[in-house]
1. Mind checking which residues of region B:14-45 are over 12 Å from residue B:268 (Cα atoms), part of a loop (DSSP other than H, G, I, E, B) and touching a strand residue (DSSP E or B) at 6+ places or on another chain (Cβ under 9 Å)?
2. Of the residues that make up region B:20-33, is at least one surrounded by 14 or more Cβ atoms within 10 Å (Cβ to Cβ) and under 14 Å from residue B:118 (Cβ atoms)?
3. When residues of region B:191-222 are filtered for being assigned to a strand (DSSP E or B) and within 7 Å of chain A (Cβ to nearest Cβ), how many remain?
4. Can you name every residue in region B:228-263 that is touching a helix residue (DSSP H, G or I) at 6+ places or on another chain (Cβ under 6 Å) and closer than 30 Å to residue B:178 by Cβ?
5. Only one of (1) at the interface with another protein chain (Cβ under 9 Å from one of its Cβ atoms); (2) closer than 16 Å to residue B:129 by Cα; (3) in contact with a helix residue (DSSP H, G or I) (Cβ under 7 Å, 6 or more places away or on another chain) is not met by residue B:175, so which one is it?
6. Please go through (1) free of Cβ contacts under 8 Å to residues at least 60 places away in the same chain; (2) at negative phi for residue A:314 and return the number of the only condition it doesn't satisfy.
7. Residue pairs, Cβ under 6 Å, 6 or more apart or interchain, first in region B:48-60 and modelled with pLDDT under 95, second not in a helix (DSSP H, G or I). List them.
8. Please enumerate the residues belonging to region B:118-140 that are within 16 Å of the chain's Cα centre (by Cα), at the interface with chain A (Cβ under 7 Å from one of its Cβ atoms) and either on the phi > 0 side of the Ramachandran plot or free of Cβ contacts under 8 Å to residues at least 60 places away in the same chain (or both).
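The values are calculated or read from the model by the stated rules, or taken from the named source; none is laboratory data. A quick note: this is a predicted structure, and the numbers were derived from the prediction, not measured. Counting neighbours? That spans all protein chains shown, and the Cβs are built from the backbone with ideal geometry, glycine included.
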């Protein structure tokens, strides 16, 4: 398993490579991309050169599901992407199917690879089969998918030579489904006051302070109230990874042969990015060491035990 | 353009509608019934085929809603599709009077593999692939987005009311590479699906670090209740039913059926529950 790291500044590339990143990806404001944290457009060409000089591949996220464009604007987007393709961009991460179709098929195919973003979430092998027809060479799996549920997807991808990528459960994991969520911004509701980064998910609520729920009136389940309160808070504050993602889930994906582990919080500060990639590298090294030195079940137990002691990294 | 009126039963069965005394009024008031789960695969149930046949027998048209699916949901949906095909073969269901709404590209693939003889619609969880309905407008991204779905046989798209009459870019279709006659819209009211997760508040308990789950547990909480949430940062009340958070827009959002036609809406679907 290799590590894919985001970056949003040229200066971040060398330290991230040193911390353990095997591949890079970024996004620019001039092209439709999901979330925040952009590399200045003028730095894209130098970034390709620098990543390659470091011996690493580089991908560009053009993965906004909302990609409104007049025909004139779309022509400009296409021209820019084909120019970057010629410059040596290794892959484009895409979510909207119409953009995927624009760059696949006879006569339209890019030299670069096409990766299906988790913003176009695939939860079943039928969906995976659907998108592989558009020349996708890598599937970035949504983090609300368990390794058990992903077995057929992984098998299909293995048979077709398609790579798979998962997120580090510790640093990414909204409870809601990316690409199907309108919670982030007050497009349909009214805010009482301004919130952090204009983004509801990052509401600055202290743990334990948001949900006022005194009793749980469910037969035999009253003791679950604190856990339920915690879940509700996580849902409305971006306060933690969804419950399907944990240490055991990562290990099972690792053993199943998922190819890439992603860290993708582009708006993190440069030093935080480097530290987090170091954490990914440490977790991966541990999984490699344990799985290479003991039977699978024993390695899994030891891995989970070790990760349960992880202190959060101080982020 | 005649406006068709539909009723989305949600988690309510026809039997429950009958017990509540609402079945006769529903049969009188609505031409099309929306059956099946729109958001959760745990509720997929082949008994919906019997309901569809019964309603068709009373002159009603049907739209079968299907949710986002994992491998488990794909298996359940496959059974429903195969049962529908049998019902068509035996003459119990008229394929011309039944549509299937998909909310997952895997469901489109499954429908194609089963060679379903039904018209497919793109559901509310797929709307962002074609439309931007954030803010006060509903706009088509580009004609290529419509073309992508048209080539899959899909020209009807489902949206929720925004509580206002939104601006649309349909008259400027030429600049965006589309013709407004190429698609039609179904509008659900009064609830807008704001976001969806896979794990329900009560049904899916916390997973300990040593456990890697086989799937999403279910306590069927959505069948009996929804939760109302007063968020400290939001003026409106949020409604949580099962795995989806909704907003309610109770006010009338259109002045006339002509106004809806200008938005390409030729079908309104009333959802009594979120």
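1. If the condition is that a residue be over 12 Å from residue B:268 (Cα atoms), part of a loop (DSSP other than H, G, I, E, B) and touching a strand residue (DSSP E or B) at 6+ places or on another chain (Cβ under 9 Å), then B:36, B:37, B:38, B:39, B:40 are the ones that fit.
2. Yes: region B:20-33 contains one or more residues that are surrounded by 14 or more Cβ atoms within 10 Å (Cβ to Cβ) and under 14 Å from residue B:118 (Cβ atoms).
3. Final tally of qualifying residues: 5.
4. The one that is touching a helix residue (DSSP H, G or I) at 6+ places or on another chain (Cβ under 6 Å) and closer than 30 Å to residue B:178 by Cβ: B:254.
5. Tallying (1) at the interface with another protein chain (Cβ under 9 Å from one of its Cβ atoms); (2) closer than 16 Å to residue B:129 by Cα; (3) in contact with a helix residue (DSSP H, G or I) (Cβ under 7 Å, 6 or more places away or on another chain), residue B:175 fails exactly one: (2).
6. All conditions are met except number (2).
7. Pairs that qualify, where the first residue is modelled with pLDDT under 95 and the partner is not in a helix (DSSP H, G or I): there are none.
8. Within region B:118-140, B:128, B:129 meet the criteria.
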